[in-house]
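The values are calculated or read from the model by the stated rules, or taken from the named source; none is laboratory data. Here the structure is a predicted model, which means the values were calculated and not measured. No Cβ is skipped: glycine too gets one built from the backbone with ideal geometry, and neighbour counts run over all protein chains shown.
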Amino acid sequence: MFATRPEARPASVEVFVEDRPVMVPEGASAAAAVLLAGIPAIRETPVSGAPRLPYCMMGVCFDCLAEIDGVANRQACMVMVTPGMRIAPQRGARQARPGLAGKGA
Amino acid sequence: MRRFDLAVIGAGPAGMAAAVEAAHLGLSVLVVDEQPAPGGQVFRAVEAAGGDPALTEEFPEAGGALVRAFRAAEDIAYWPRATLWHVDLAGGVLSVLRDGVSEEVAATRLLLATGAQERPVPVPGWTLPGVMGAGAAQILLKTAGAVPRGPVVIAGQGPLAWLLAVQLLRAGAGPMTLLETGGKGALWDALRAGGLWTGRRLLRKGLSLVREARRHGLRVVRRVRNLQAGGEGRVRRVRWDGGEIACDTLLLHEGVIPSTHIGRALGLEHRWDEAQRCWRPVLDEWGASSHGFVAVAGDGGGIGGWEAAVATGHLAAIDAARRMDRLPAAECARRARPYQTRLASALALRPFLDRLYAPAPEMLVPPDDATIICRCEEVTAGQVRLAARLGATGPNQVKAYLRAGMGPCQGRMCGGTVAAVIAEERGIPIAEAGALRPRAPFKPLTVGELAALPPGDVA
């Protein structure tokens, strides 16, 4: 679990991690928001269902794949937070969902 | 289609320096970078984090100066939050994804300044939540001012391990333990590499970090072997031969390796660097690769640190201008000289560091068959050994046997370890086992993003 340091970087952006509000600093990534929220896993692997949290934070490992604002399979460490962003863990492989065509799903 | 003289991939020290130099020499420049702000990983978010008291000295000073010069330079088209996903080498056309839309641009020359990634550290339990790369924790500090709560263990070795320990301790994290995985005798071996006098400034910097870490109460355990992370659903403890400690966060670090993903996908010639235990592109003294369209600058061409990266960025830009007849050969040599001097000085300590921090054998080839090598497809060392015994000669074959390298990371995490395991099992050099040959798209993109290509751009 990670914590912010308000004296260094005020947490001014509200996002929702698994529907719970979390305040994070501007410029933080969705993966950082997940670690600050303290949830046990950002995804469960498609192969064995093992829990994972972000590992590299720089776009290499793809262990932070999450559903962000309704779009699955996004590298949460490469997506900066925006006010009201909704971040949900991804369980197994992403689901193809009709009705999201054109939104990158 | 827009056309640029030089397209630079990456806005770290090498990419920024190259862009500034090239623009100064009259070239039209495009910089494509995945991050929202310039700096690369070493100076990540320096504009936002420069005032953080945990990140002092060269981060705000040198990093801030590089970014300011880059921002101030005119005639640089800077595309942040943009990903290069395909290169047409013959036509000089790049496919770039930004803001959910893909577009194509033409360039006369391509400079890959894609930097480094942390060397994967495949120890038992490294997939548990709470285990991360040390660099990942540093990125959290730089981009969010965030620090781990509860007991922290940094395990591994290298300059970044000490730097991170100091930065996290300054930021109030802890209690903290550094488990150094270096081997007995590494220091004596390293001393024989020389370069200490030329590299004395960097050496002083390192020693001052060690002293500061001690002052902050960092506990250091040396010669740690057979590291293992344990816990149910999350890391709770770290074990090694003769020791165990409880922790909430385990940060692994065994140095960094060049990010060669795009260069290998483009078929650039690479060679195995035994000293740094990694693949690096074959480059001339200007950074020109085996393909006439492509150059490489910075850590992506071999690990040298940010000062070397800046120098190689300038040299690659000067060479680009010469190739486009914007700079006479004599002027090119004159302009290059100070950067060649700086490069030599920045690299002087490297052979010492490479030997001092050479990863232990079990960090490169997990001895325990149950250890996961491929995090995406959850392929273990034992499975790869079996594949090697069944005849797989390299990571490209193992990909077909076991799907290692076929997950979303495209082998960025497992490729090197798979090759090392096969090499050991078959008794061949790693160079002979070879490297994964990735393919475009260099990063996954959706059908929707592809479909959003402007019709005129579809060849």
Against the conditions (1) at pLDDT 95 or above; (2) part of a loop (DSSP other than H, G, I, E, B), where does B:Val418 fall short? Just the number, please. (2)
Of the conditions (1) at pLDDT 95 or above; (2) within 12 Å of the chain's Cα centre (by Cα), A:Asn73 satisfies every one except a single condition; which number is it? (1)
Checking A:Pro40, A:Pro83 in turn, the sole residue that is more than 8 Å from every other protein chain (Cβ to nearest Cβ) and in a loop (DSSP other than H, G, I, E, B) turns out to be A:Pro83
Quick check on this structure: which one of B:Arg98, B:Arg109, B:Arg170, B:Arg81 is on the phi > 0 side of the Ramachandran plot and basic (Lys, Arg)? B:Arg81
If I ask for residues that are of a type outside the set (Val, Ile, Thr), out of contact with any helix residue (DSSP H, G or I) (no Cβ under 7 Å at 6 or more places or on another chain), closer than 27 Å to B:Trp279 by Cβ and away from chain A (no Cβ under 12 Å), which ones from the stretch B:95-131 would you list? B:Ser95, B:Ala107, B:Leu110, B:Pro124
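B:Ala161: within 14 Å of another protein chain (Cβ to nearest Cβ), touching a strand residue (DSSP E or B) at 6+ places or on another chain (Cβ under 6 Å) and surrounded by 24 or more Cβ atoms within 10 Å (Cβ to Cβ), yes or no? Please lay out each step first, then the result.
Details: within 14 Å of another protein chain (Cβ to nearest Cβ): no; touching a strand residue (DSSP E or B) at 6+ places or on another chain (Cβ under 6 Å): yes; surrounded by 24 or more Cβ atoms within 10 Å (Cβ to Cβ): yes.
Taking the combined requirement at face value, the residue does not satisfy it.
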For residues in the stretch A:62-80 being in contact (Cβ under 8 Å) with a residue 24 or more places away in the chain and in a loop (DSSP other than H, G, I, E, B), which is surrounded by the most Cβ atoms within 10 Å (Cβ to Cβ)? A:Cys64
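Take the residues in the stretch B:25-34 that are more than 8 Å from every other protein chain (Cβ to nearest Cβ) and of a type outside the set (Gly, Ala, Ser), then tell me which one is surrounded by the most Cβ atoms within 10 Å (Cβ to Cβ).
Going through the qualifying residues, I end up with B:Val31.
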From A:Pro21, A:Pro40, A:Pro83, A:Pro54, residue being modelled with pLDDT of 95 or more and within 27 Å of B:Gly115 (Cα to Cα): A:Pro54
Odd one out for B:Leu402 among (1) under 24 Å from B:Pro124 (Cα atoms); (2) more than 12 Å from every other protein chain (Cβ to nearest Cβ); (3) modelled with pLDDT of 95 or more: (2)
Show me the helices (runs of 4 or more DSSP H) entirely contained within the stretch B:348-413 in which 2 or more residues are over 20 Å from the mean Cα position of the chain (by Cα) and within 27 Å of B:Leu160 (Cα to Cα). B:361-364
Name the single residue that is nearest to B:Ala246 (Cα to Cα) among those in the stretch B:142-157 being out of contact with any helix residue (DSSP H, G or I) (no Cβ under 6 Å at 6 or more places or on another chain) and facing chain A (nearest Cβ under 9 Å). B:Gly150
Filtering the stretch A:43-61 down to residues that are facing chain B (nearest Cβ under 7 Å), within 18 Å of B:Gly231 (Cα to Cα) and not in a strand (DSSP E or B) yields A:Thr45, A:Ser48, A:Ala50, A:Leu53, A:Pro54, A:Tyr55
The lone exception for B:Ala440 - which of (1) of a type in the set (Gly, Ala, Ser); (2) more than 18 Å from B:Val384 (Cβ to Cβ); (3) outside any loop (DSSP other than H, G, I, E, B) it fails: (3)
So, of the residues in the stretch B:37-79 that are surrounded by fewer than 22 Cβ atoms within 10 Å (Cβ to Cβ) and of a type in the set (D, E, K, R), which turns out to be nearest to the other protein chains (Cβ to nearest Cβ)? B:Glu47
A:Glu26 more than 28 Å from B:Val447 (Cα to Cα) and touching a residue at least 60 places away in the same chain (Cβ under 8 Å): no
Among the residues of the stretch A:1-37, the number that are under 12 Å from the mean Cα position of the chain (by Cα), outside any helix (DSSP H, G or I), more than 7 Å from chain B (Cβ to nearest Cβ) and closer than 18 Å to B:Pro36 by Cβ is 1
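Considering only strands (runs of 3 or more DSSP E) fully contained in the stretch B:216-307, which possess at least 1 residues that are among the polar types (S, T, N, Q) and over 14 Å from the mean Cα position of the chain (by Cα)? Can you show your working first?
Numbers: elements: B:219-221, B:228-230, B:237-240, B:243-246, B:249-254, B:256-258, B:270-273, B:278-281, B:294-296.
Fully inside the stretch B:216-307 and qualifying: B:228-230, B:249-254.
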Being of a type in the set (A, V, I, L, M, F, W, C), within 25 Å of B:Ala246 (Cβ to Cβ) and assigned to a helix (DSSP H, G or I) is the filter here; which residues of the stretch B:164-209 pass it? B:Leu164, B:Ala165, B:Val166, B:Leu168, B:Leu169
The lone condition B:Arg403 fails out of (1) in contact with a strand residue (DSSP E or B) (Cβ under 9 Å, 6 or more places away or on another chain); (2) of a type outside the set (S, T, N, Q); (3) on the phi < 0 side of the Ramachandran plot is (3)
The stretch A:62-74, subset of a type outside the set (Phe, Trp, Tyr) and within 8 Å of chain B (Cβ to nearest Cβ), residue farthest from A:Arg94 (Cα to Cα): A:Asp63
